[in-house]
Amino acid sequence: MNPVAHTQSPLLQLMDNFLVRFRFKFLLPRTSLAELENIRLDISRLSSLMKNNILLKRYEVQGRSMASKYLKWNDTVLELGGAIGFIGLFCQKNIGITDYTTIEANPETSELLMINYALNGIKPNVWNIAVSSEDGEIELNIGNEFWSDSMVDQSRNRCKVTVAAWSLSSILEKLDYKPTTLICDIEGAEQYLDFKALPAETDKIIIELH
């Protein structure tokens, strides 16, 4: 028996296209708050595309899945690339981790992170610096979306900003605890990390490679 192909009628296709366009043109631009995994997020400054991903629960699917599976309440975390704060809030609010430090290079994104922490009643420990191979300053390529900021990729940059940069060794020296977990999402800058600097206590690494 040949399978029956189910095709959508032209009228339904037209209606679906209209609803998508209406959502992106009229609804999403007016949406300023979202909730994902019991975490409130200010999305007022985000693009309609990113708002849509968050509202449809497509945001950080793998990151939150791995955190849920591998992290425990008594883990201590160093997060490189905090973005708008979602993963940090997920780990602290949903898993119960208390020793959590976030590194975020983009000053504008750091501001969004702090707003989202305030929405959830948690005080962030966030350092507005970049991670590099050595201490100093770097030029950060600012993308049209917060997740596309990069020291490496210039293909989608709209501008550059000079930010302070520390090596992983310097960051670890200034931490007041030894992290058991490293979470890393820094858009290609992971190539500059000296993973040998991690203490023996670090037994888990969650990293998004680029």
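Past 19 Å, Cα to Cα, is the threshold; run Lys72/Lys196; Lys57/Lys160; Lys174/Lys196; Lys57/Lys123; Lys51/Lys72; Lys178/Lys204 against it and keep the listed order.
Values: Lys72/Lys196 24 Å; Lys57/Lys160 31 Å; Lys174/Lys196 17 Å; Lys57/Lys123 24 Å; Lys51/Lys72 29 Å; Lys178/Lys204 12 Å.
Beyond 19 Å between Cα atoms: Lys72/Lys196; Lys57/Lys160; Lys57/Lys123; Lys51/Lys72.
Using a 1.4 Å probe, what is the accessible area per residue for the chain, in Å²?
Details: 11850 Å² over 210 residues.
Computed with neighbouring chains in place, this is 56 Å² per residue.
Rounded to whole Å, give me the distance from the Cα center of the range 15-50 to that of the range 193-210.
35
Given a Förster distance of 22 angstrom, what is the FRET efficiency for Glu108 paired with Ser32, based on the Cβ-Cβ distance and rounded to 0.05? All intermediate terms of the calculation are to be shown ahead of the outcome.
On the way: r = 17 Å, r/R0 = 0.76.
With a Förster radius of 22 Å, E is 0.85.
Could you state how much accessible area Val152 has, in square angstrom rounded to the nearest 10, with a 1.4 Å probe and all protein chains kept in place?
In the full protein context, Val152 sits at about 60 Å².
Summarise the accessible area of the range 1-141 (1.4 Å probe, protein heavy atoms) by the percent that is carbon and sulfur. Walk me through the numbers before you get to the answer.
Values: 4450 of 8120 Å².
Answer for the range 1-141 is 55 percent, counting heavy atoms of protein chains only.
Rounded, prolate or oblate: which fits the range 36-164, taking a ≥ b ≥ c as square roots of the Cα gyration tensor eigenvalues, rounded meaning a/c under 1.5, else prolate when a/b beats b/c?
Values: a/c = 1.83, a/b = 1.29, b/c = 1.42.
Judged from the Cα gyration tensor, the range 36-164 comes out oblate (a/c at least 1.5, b/c at or above a/b).
Counting each DSSP H run of 4 or more residues in the chain as -39500 (n - 2.57), what helix-only mean residue ellipticity at 222 nm follows after dividing by all residues, to the nearest 500 deg cm²/dmol?
Details: 6 runs with 55 residues, N = 210.
It comes out at -7500 deg cm²/dmol, rounded to the nearest 500.
Counting only other residues whose beta carbon sits under 14 Å from that of Ala118, what net charge do I get with K and R as +1, D and E as -1?
Working: positive: Arg40, Lys93, Lys123; negative: Asp42, Glu111.
Residues near Ala118 contribute +1 overall.
Springs between alpha-carbon pairs under 10 angstrom, Gaussian network model over the chain: which of Asp99, Asp16, Asp149 fluctuates most?
Its mean-square fluctuation being the largest, the pick is Asp16.
Quote the FRET efficiency, to the nearest 0.05, computed for Asp135 versus Lys57 with a Förster distance R0 of 35 Å and r equal to the Cβ-Cβ distance.
On the way: r = 39 Å, r/R0 = 1.12.
After rounding to 0.05, the efficiency reads 0.35.
Add +1 for every Lys or Arg and -1 for every Asp or Glu among the other residues with Cβ under 12 Å from the Cβ of Thr76, and state the total. Provide the component values of the computation, followed by the final result.
Values: positive: Lys72, Lys178, Lys204; negative: Asp75, Glu79, Asp99, Asp176, Glu201, Asp203.
Charge balance in the 12 Å sphere: -3.
Report the local net charge at Leu175: Lys and Arg +1, Asp and Glu -1, summed over other residues whose C-beta lies under 13 Å from its C-beta.
On the way: positive: Lys174, Lys178; negative: Glu79, Asp99, Glu173, Asp176, Glu201.
Net of charged neighbours comes to -3.
Once you sort the root eigenvalues of the Cα gyration tensor of the range 94-210 as a ≥ b ≥ c, which label holds: rounded (a/c under 1.5), prolate (a/b larger than b/c) or oblate (the other case)?
Oblate shape, in that a/c is at least 1.5 and b/c is the bigger or equal ratio.
The values are calculated or read from the model by the stated rules, or taken from the named source; none is laboratory data. Since this is a predicted model, take the numbers as computed values, not measurements. Ideal geometry is used to build each Cβ from the backbone, glycine not excepted, and the neighbour counts take in all protein chains shown. All accessible areas refer to the heavy atoms of the entire protein, side chains included, with ligands and DNA or RNA removed. Shrake-Rupley method; radii C 1.70, N 1.55, O 1.52, S 1.80 Å.
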